[in-house]
Amino acid sequence: MVVDLDVCTGCQACAVACLAENNVGIVGEEEAAIGRAQHWIRIERYWDEGEYPEVRAQFLPVMCQQCGKAPCEPVCPVFASVHSEDGLNSQVYNRCIGTRYCAHNCPYKARVFNFFAPQFPSPLEQQLNPDVTVRSVGIMEKCTFCVQRIRRAREQARVEDRPIADGEIMPACVQTCPPGALVFGDAGDPDSQVSRLMASRRGIRLLEAFNTEPSVVYLKREGGLDV
Amino acid sequence: MFTEMSRRDFFKKAGVLSAALALSGCGGDRAEERLVPFLRSPEEELAGVFTHYASLCRQCPAGCGILVATMGGRAHKLEGNPRHPLNQGKLCARGQAGLQALYNPDRLVGPQARAGAAGGFQSITWEEGLGRLTEALSAAASGSGSGAVRVYGGQLPDHTYGVAARLLAGLDGGVPGVGSSENGARPLVWNLHRALDGAGILDAVSREMYGSSATGLPFFDLASAEVAVSFSADLFGTWLSPVYFGRAYGEMRRGRGVTRGYLAQVEPRLSATGVSADEWLAVPGGREAHVALCLGRVILDEGLAAGSRPAGVDAVFQDVDARGLAADLGLSFERLVRLARIFGVSQAPLAIPGGGLGAAQNGADAVRTVMALNLLVGAHESTLGASSAKPADSILATETVSSFAEVRQAIEDMRSGSVDVLLVLDGDPVHDLPASSGFSEAAANVGLIVDFSPFPTDTGETLAHLCLPAPTYLETWGYHVPQPGPGLAIVGAQQPVVRQLHDTRSPVDVLLAAAKGVGGRVAEALPWENEVACLKDVVDGLRERTDASITSGDPEAFWMRWQQYGGWWATQPDADPPAPRALRPGLATSAAADVGEDPVEDGSRFLLRPYVSLTLGDGRHANQPWLHETPDPMTSVMWDTWVEIAPSSAERLGVSTGDMVKVTSSVGSVEAPVYVYRGIGPDVVAMPLGGGHRAYGRYAAGRGVSVGDLIEPVVGAEGELAWGTTRVTLEPTGGSKALATLEGSESTVVPEGL
């Protein structure tokens, strides 16, 4: 995935699309106040140096970075946090025993834990996406790059006996992002849009010094007219 | 009824079925009870496969196209409709949360009437409810006509507005087809969100500028702009059509040609849009247009103005003392000159008159000034335009935002007892109007208040005599002409995507049935059998146009395609758009003319800056938990209303983030936690709208505070609410609370490498 910070407006469309697509639970104010909100994608706001009226800030959408060398994986005693064959850093809910070691080890704070069973007062349960498991109490969860959509696209392509087209798979956040700041695709295909964007001189990865090899590339903001 | 269906006939049958459902709203004969269970699945319903229906988002007034993923008769996910020219497949946070309006656990499940003067509600039948409404309207029709009836809506779908306008005209014995009679009332469309958007002011100025041949708001082609200056427009958050502007911004930044577009934001409080902008110019609230005056003067002086500009534009800027004004605004003159140069020489400049211009009493003149800047640099030849006429004559009266003066007059009429019937077709006036407007007290003198909201609103719970709940927008019909549009004529299609969950009826069906009961001129004004028949009439008028996304000689086929694709739109912009003429804004340049006297310098009083919440809007979405738990982009606060205060002021008051303060204006006071905010001046405090419902279900009731309780009812020069002129004092209460935020600490360090 590529996140173009030059066009991200911090509008939170991705965050709500993710709640809807992935049946993410709502924890309420008291739990959210102690850091237990369960967003799989969040938009961080960083202040630049400078005081009003010269104050500036910037947004940084953060989701699971789907690390190549994921710090969450070696610490899981039950292999709930494992690498899939396609390189996704997957979370196997029915293996998870809730040690929370993985969340502790994630430098991106991408993992969230179900301290309580999620509540969907009737008829809110009807909103749930039938493609996605509802996680129960004691389970760790995180962004999956909308693996259910990847699976559907792959099955569809197999049925039609064709390769998956570039841009055909869109995680919910990517699909809804109004300015198109989020781009998803096959980084292994040199002709895909993400591959071209990843090669940009603006590209960086978050906390690269940890050697986690994130699959998400951020494109720094342009400097405006002075560049 | 589905089992024999062929794929080809799918949309035809789907349309007929949906029509049957809507018809059942009138006849009391519930078609859905006759549905055969899916012993054999219908052809289009494959187990495990989503069926997508095109419709319209009605979470805000913008009217984006949506696709609803349904399975087994339930809606599971909302997406943008990729074909709809306004949003092109994109959707915002609020749009995504629409499922929680549909499946809200606190909806009204059927009609109810208040038992006794101050009693609770009792369930009634639709016949009883309709009977009471018809009786009251009949009395009005035989008495003082529309003078005794008021219709209110915070945002009304176009067909609802059109039908309500005709009802009022009919009560006056008006001619069918005329939206309002000479002295009759129009539906009142107003709330704090619309006021903060400045939609009413922009509409009025646009009419002056483009004349009566233009319809609706002007459009702003941000995608094509090279240099855009936004004057207090929260483009990507809440202003008018945020998905359209967000999408356009992506295109602008990536550059239609080789140029990356440049955005400057002029505003008093750093908004999310200000963060996205390349340049942020902080100015006192209500004085944004003075920056336009400075830019215009510099552009004139340096000879950068466009060659062809309407006569009279130069006069707006000729006498401006740009250097003095810049100093007065606290801006560096050199910085303004630099911006003026890139703006002036651009082939595609755009100045955007945002809602913040309406903060002070000179809002209309501020908008005229920004529009004059557009004409000066020739934006009307590249990025700014207006639509010439309605897409078709069959289109009913389009929703027009009222002025605050009209709302005040209606409230005065209610107070004096001359209003017998108040129909609240949408929204929640008790919460969405400033408390100081006196709506609640005045409404006590109204004979019959009918609330049509699907939810137990503050108005419904505290004032209504009769609740005739509407279905949510995902369960009913409609059409909408988006304003502002993307520069193409659009008539978006709204259709039910799931069966109605509760015993609800569309307000249009209710009004049509009541009009028939009243008879006479009222029934003549509203001749349709039901909502669908009304819509079919409207849609059929579009068949005349050949330059459009859908065309068909067959009315039924046209109607089905209209639903299938989520609407109708022209394939080309207007061939002959209306030309603008220059206006004469009498914009005074002294601070006192804008927001009154300067704040007292001892730091005990602050100018209150209300703003529309990105997640909760004006409170319409406060019953949707996804939006409550979505952090505000600037503060990351969830679930509450907060008071933003500059670090220096916080230090002076001895408060920090989470400390409770009592905020007091001349008309009311509220208690809320402080959020120390770096993007605001020391003499201003900002608060988001959205909180402070008394009712509205479990997620909204008693949560946060209503900024509307503080806003003084100051009427601007041209009848608008000058919502940014209220001054407040802050007094720490000694209490504090743990705000739910994302941030662990107030980090000022940008991650390495960014």
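Some notes on this structure:
Okay, residues lined up against (1) among the polar types (S, T, N, Q); (2) at pLDDT 90 or above; (3) closer than 30 Å to B:E544 by Cα; (4) not assigned by TED's automatic domain parsing to the domain that holds B:A165:
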residue: B:A340; (1), (2), (3), (4): no, yes, no, yes
residue: B:F343; (1), (2), (3), (4): no, yes, no, yes
residue: B:Q347; (1), (2), (3), (4): yes, yes, no, yes
residue: B:A351; (1), (2), (3), (4): no, yes, no, yes
residue: B:L357; (1), (2), (3), (4): no, yes, no, yes
residue: B:T369; (1), (2), (3), (4): yes, yes, no, yes
residue: B:L373; (1), (2), (3), (4): no, yes, no, yes
residue: B:A379; (1), (2), (3), (4): no, yes, no, yes
residue: B:D393; (1), (2), (3), (4): no, no, yes, yes
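- Test: residue in the stretch A:5-14 that is of a type outside the set (S, T, Y), more than 7 Å from chain B (Cβ to nearest Cβ) and either part of a strand (DSSP E or B) or crowded, with 23+ Cβ neighbours inside 10 Å (or both): yes
- Number of residues in the stretch B:686-719 that are surrounded by fewer than 24 Cβ atoms within 10 Å (Cβ to Cβ) and within 14 Å of chain A (Cβ to nearest Cβ): the value is 5.
- Any hit, the stretch A:105-128, residues being within 22 Å of A:L182 (Cβ to Cβ), polar (S, T, N, Q) and surrounded by 14 or more Cβ atoms within 10 Å (Cβ to Cβ): no
- Yes/no for B:L501 being aliphatic (A, V, I, L, M) and assigned to a loop (DSSP other than H, G, I, E, B): yes
- The stretch A:185-227, subset in a loop (DSSP other than H, G, I, E, B) and of a type in the set (S, T, N, Q), residue surrounded by the fewest Cβ atoms within 10 Å (Cβ to Cβ): A:N211
- Any pair with Cβ under 7 angstrom, 6 or more apart, that starts in the stretch B:500-519 at a residue that is in contact (Cβ under 8 Å) with a residue 40 or more places away in the chain and ends at one that is crowded, with 24+ Cβ neighbours inside 10 Å and among the polar types (S, T, N, Q): B:S506/B:T476; B:P507/B:T160; B:V508/B:T160
- Residue count for the stretch A:150-181, restricted to those that are farther than 27 Å from A:R42 by Cβ, assigned to a loop (DSSP other than H, G, I, E, B) and β-branched (V, I, T): 1
- Any hit, the stretch B:504-519, residues being surrounded by fewer than 19 Cβ atoms within 10 Å (Cβ to Cβ), in contact with an Asp or Glu (Cβ under 8 Å, 6 or more places away or on another chain) and assigned to a helix (DSSP H, G or I): no
- Single match in B:T383, B:T398 (criterion: polar (S, T, N, Q), surrounded by 24 or more Cβ atoms within 10 Å (Cβ to Cβ) and in contact with a Ser or Thr (Cβ under 8 Å, 6 or more places away or on another chain)): B:T383
- The stretch A:166-183, subset farther than 15 Å from A:V147 by Cβ and small (G, A, S), residue farthest from the other protein chains (Cβ to nearest Cβ): A:G167
- Test result for B:W559, in the same structural domain as B:A139 (by TED's automatic domain parsing), of a type in the set (F, W, Y) and not in a strand (DSSP E or B): no
- Filter result (away from chain B (no Cβ under 14 Å) and in contact (Cβ under 8 Å) with a residue 40 or more places away in the chain) within the stretch A:194-210: A:V194, A:M198
- Selected residue (criterion: nearest to the other protein chains (Cβ to nearest Cβ)) from residues of the stretch A:16-32 that are more than 24 Å from B:H76 (Cα to Cα) and surrounded by fewer than 20 Cβ atoms within 10 Å (Cβ to Cβ): A:E29
- When residues in the stretch A:34-67 are screened for being surrounded by 20 or more Cβ atoms within 10 Å (Cβ to Cβ) and either more than 7 Å from chain B (Cβ to nearest Cβ) or of a type in the set (G, A, S) (or both), 13 of them pass.
- Each residue in the stretch B:220-279 was checked for being part of a loop (DSSP other than H, G, I, E, B) and either within 17 Å of the chain's Cα centre (by Cα) or of a type outside the set (K, R) (or both), and 23 of them qualify.
- If you check A:A117, A:A103, A:A110 for being over 17 Å from the mean Cα position of the chain (by Cα) and either at negative phi or of a type in the set (D, E) (or both), only one passes: A:A117.
- Considering residues of the stretch B:52-76 that are more than 14 Å from every other protein chain (Cβ to nearest Cβ), within 16 Å of the chain's Cα centre (by Cα) and not hydrophobic (A, V, I, L, M, F, W, C) only, the residue surrounded by the most Cβ atoms within 10 Å (Cβ to Cβ): B:G63
- Taken over the stretch A:155-184, residues that are on the phi > 0 side of the Ramachandran plot and buried (at least 16 other Cβ atoms within 10 Å of the Cβ) amount to 1.
- Residue within the stretch A:148-159 that is more than 14 Å from chain B (Cβ to nearest Cβ) and of a type in the set (A, V, I, L, M) present: yes
- Only a single criterion out of (1) within 20 Å of the chain's Cα centre (by Cα); (2) at negative phi; (3) crowded, with 19+ Cβ neighbours inside 10 Å; (4) at pLDDT below 95 is not satisfied by B:S453, namely (4).
- Residue match in the stretch A:184-193 (condition: within 10 Å of another protein chain (Cβ to nearest Cβ), in contact with a strand residue (DSSP E or B) (Cβ under 8 Å, 6 or more places away or on another chain) and closer than 23 Å to B:R253 by Cα): no
The values are calculated or read from the model by the stated rules, or taken from the named source; none is laboratory data. For clarity, every value in this text was computed on a predicted model and none was experimentally measured. Positions of Cβ are generated from backbone atoms using ideal geometry, with glycine treated the same way; all protein chains shown enter the neighbour counts.
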